[in-house]
1. Restricting attention to the stretch 69-83, does a residue exist that is over 13 Å from the mean Cα position of the chain (by Cα), open to solvent by less than 70 Å² (accessible area, probe 1.4 Å) and touching a residue at least 40 places away in the same chain (Cβ under 8 Å)?
2. Does the stretch 34-52 contain any residue that is in a loop (DSSP other than H, G, I, E, B), of a type outside the set (A, V, I, L, M) and open to solvent by 30 Å² or more (accessible area, probe 1.4 Å)?
3. Are any residues in the stretch 136-164 open to solvent by less than 50 Å² (accessible area, probe 1.4 Å) and over 11 Å from the mean Cα position of the chain (by Cα), and if so, which ones?
4. Picking from 142, 87, 118, which residue would you name as being on the phi > 0 side of the Ramachandran plot and not aromatic (Phe, Trp, Tyr)?
5. Residue 87 fails exactly one of the following numbered conditions: (1) farther than 29 Å from residue 23 by Cβ; (2) outside any helix (DSSP H, G or I); (3) open to solvent by 70 Å² or more (accessible area, probe 1.4 Å). What is the number of that condition?
6. Taking the condition of being open to solvent by 20 Å² or more (accessible area, probe 1.4 Å) and either outside any loop (DSSP other than H, G, I, E, B) or among the aromatic types (Phe, Trp, Tyr) (or both), how many residues in the stretch 54-68 meet it?
7. Take the stretch 92-123 and flag every residue that is open to solvent by less than 40 Å² (accessible area, probe 1.4 Å) and outside any helix (DSSP H, G or I).
8. Can you find even one residue in the stretch 10-18 that is modelled with pLDDT of 95 or more and of a type in the set (A, V, I, L, M)?
Amino acid sequence: MTAAPRTEQRTNRRLADDVRNFTASPRLAAGLQRVLVDLIELHLQGKQAHWNVVGTNFRDLHLQLDELVDAARESSDTIAERMRALDAVPDGRSDTVAATTSLPPFPAQEVNTTDVVDLITTRTYAAIDTLRDVHDAVDAEDPSTSDLLHQVIASLEKLAWMIKSENRGI
């Protein structure tokens, strides 16, 4: 009995040497770094406000500020870990954050609730502006990372709306 002739099999397998991980370009890494420092600064300023807010509706605002702090901290961790997944190096050191954040500085003293609402809302929208500013460049290079930015934007915009509503009248 003779063996059937052997035919070439088609396969989708790639050679191991042809497999590469996606790495962030310098532009992508720089955009994510901008987001990272603003989220870290928002976390820190939110905590500063949380510790030093006084006045009417203190407790409600005190608790809302912790929600914002948690969201900013968790988002900064997500962005930093995404940077590492893309072989970029996040820099969250305090001197880097202070030197490169786009957020306005926060007062060092006690601040009444009405002013804290306005101050924190402004800073939250400043962080959102950074996210929106880098979004298109991030999306062009890495749509998966831009999905993370969408989630952060949605989270921060919801919190800003809820906080700013404290001062809103009808």
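1. No: the stretch 69-83 contains no residue that is over 13 Å from the mean Cα position of the chain (by Cα), open to solvent by less than 70 Å² (accessible area, probe 1.4 Å) and touching a residue at least 40 places away in the same chain (Cβ under 8 Å).
2. No: zero hits.
3. Result: 137, 138, 142, 159, 160, 163.
4. So the residue among 142, 87, 118 that is on the phi > 0 side of the Ramachandran plot and not aromatic (Phe, Trp, Tyr) is 87.
5. Failing condition for residue 87: (1).
6. 9
7. 101, 103, 106, 107, 111
8. No, every residue in the stretch 10-18 fails to be modelled with pLDDT of 95 or more and of a type in the set (A, V, I, L, M).
The values are calculated or read from the model by the stated rules, or taken from the named source; none is laboratory data. All values reported here derive from a predicted model rather than from experimental measurement. Positions of Cβ are generated from backbone atoms using ideal geometry, with glycine treated the same way; all protein chains shown enter the neighbour counts. What goes into the accessible areas is simple: the full protein's heavy atoms, side chains included, and nothing from ligands, DNA or RNA. Shrake-Rupley method; radii C 1.70, N 1.55, O 1.52, S 1.80 Å.
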